Structures are given as C-alpha cells and as structure tokens.
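Let me begin by presenting the structure, written as structure tokens, before commenting on it.
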Amino acid sequence: MSQEILVLPEEVVLNKIYFIRNHKVMIDRDLALFNCVKTKRLKEAVRRNIERFPKDFMFELSSKEFQNWRSQFASSNTDKMGLRYAPMVFSEHGVLMLSSVLNSQKAIQTNIQIMRIFSKVRAMLLDTTEIRLDVEKMKKKIENQGKNIELVFQYLDELVAKKEIVKREKIGYKK
C-alpha cells in the first residue's frame, strides 16, 4: 500500500475547529470537504452507524444554535452552503470514529492529520494554561510585596507616633 502524502494546511483545519457547548468540534460539511465526499453522504454514513457516535462524539446543533450559526452566512446562498439542515458536529473522538465509518484511504489520512492538529491545539491550550498559572502566581507575589511594604510603613508610622520627644541638653559649642 503506497502512502500518499495528504496536504491539508494546518491553518485551514485550525480555522474549522469551533468551540460549541464547551467542546472543540468540527462541522460535518468541513469534514466532508476534507474527506472528498458530499455532506449528504457523510451524514448517511453516520446515521447508518449511529451506535458508534455517542453524544460526546457527535451531536446536531439545536435550532437556536443552528440559527445563530446560519446567520453568520446570511449573504450566501444557503442551499449551496449546505445550511438547510442543522449540521452534525464532531468532537475529536467523533472525527476519529468517522474514519472507520467512511472507510477510505483518503478518510484515514485526513483524519490522522486532523488528529495531529487536535493534539497540537490541546498542547497549545495546556501551554497557555501553565503560563496563565505562572502569571497568577507572580500577581499574588506582587500583591503580597505591596502588602508587606504597606505593613513596614505602618510600623514606621506607629514608631514615629510613639516616639517621645525627650528634651536633652545640647552638646557641642555653647554660645
């Protein structure tokens, strides 16, 4: 079996990953395009194998989500954009399962590439999370330093207030 190198630019795939219902997902029409099949055929394959797609692998957009998503393409011909019916959206695991349902070499190669990109996205999110945590630690340290400095000045003010001015005889030359 010859291994054909599939060239899907990462930027294109990254732009097709959406965040819906707190999940990173891809929409059926984008996956159909990447796998060189019609959206209708992709949906048919999924419906024939629906037991392979639990809710955390694939779900259809609600009518409200669909209308919101559809309004973003208001100027386009909805029939050509495949927006007559609520799209199926696939999580990372759903995309992986899709390769077994479509069962073509193209689908396997496409999904391998998409899985690698999902992994990169996850790694980038973890990196930014670690950076955010580090920034929060530094903020807390800075806040604590500010409080400590205020405390030092407060103690100095108290010492100055408590200090009794003692009259004492001047030393040195007398006039």
Exercise. Using a 1.4 angstrom probe and counting only protein chains, how large is the accessible area of Lys106 in Å², to 10?
Worked result: 60 Å²
Exercise. Using a simple spin-label model with points 7 Å from Cα along the Cα→Cβ vector, what separation in nm is obtained for Lys106 and Phe19?
Worked result: 3.3 nm
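With a 1.4 Å probe and all protein chains kept in place, how do Asp157, Asp28 rank by accessible area, largest first?
Descending order: Asp157, Asp28.
The values are calculated or read from the model by the stated rules, or taken from the named source; none is laboratory data. For clarity, every value in this text was computed on a predicted model and none was experimentally measured. Note that each Cβ is placed from the backbone with ideal geometry, even for glycine, and that neighbours are counted across all protein chains shown. Side chains are part of the model used for accessible areas, which takes the heavy atoms of the whole protein and leaves out ligands, DNA and RNA. Shrake-Rupley method; radii C 1.70, N 1.55, O 1.52, S 1.80 Å.
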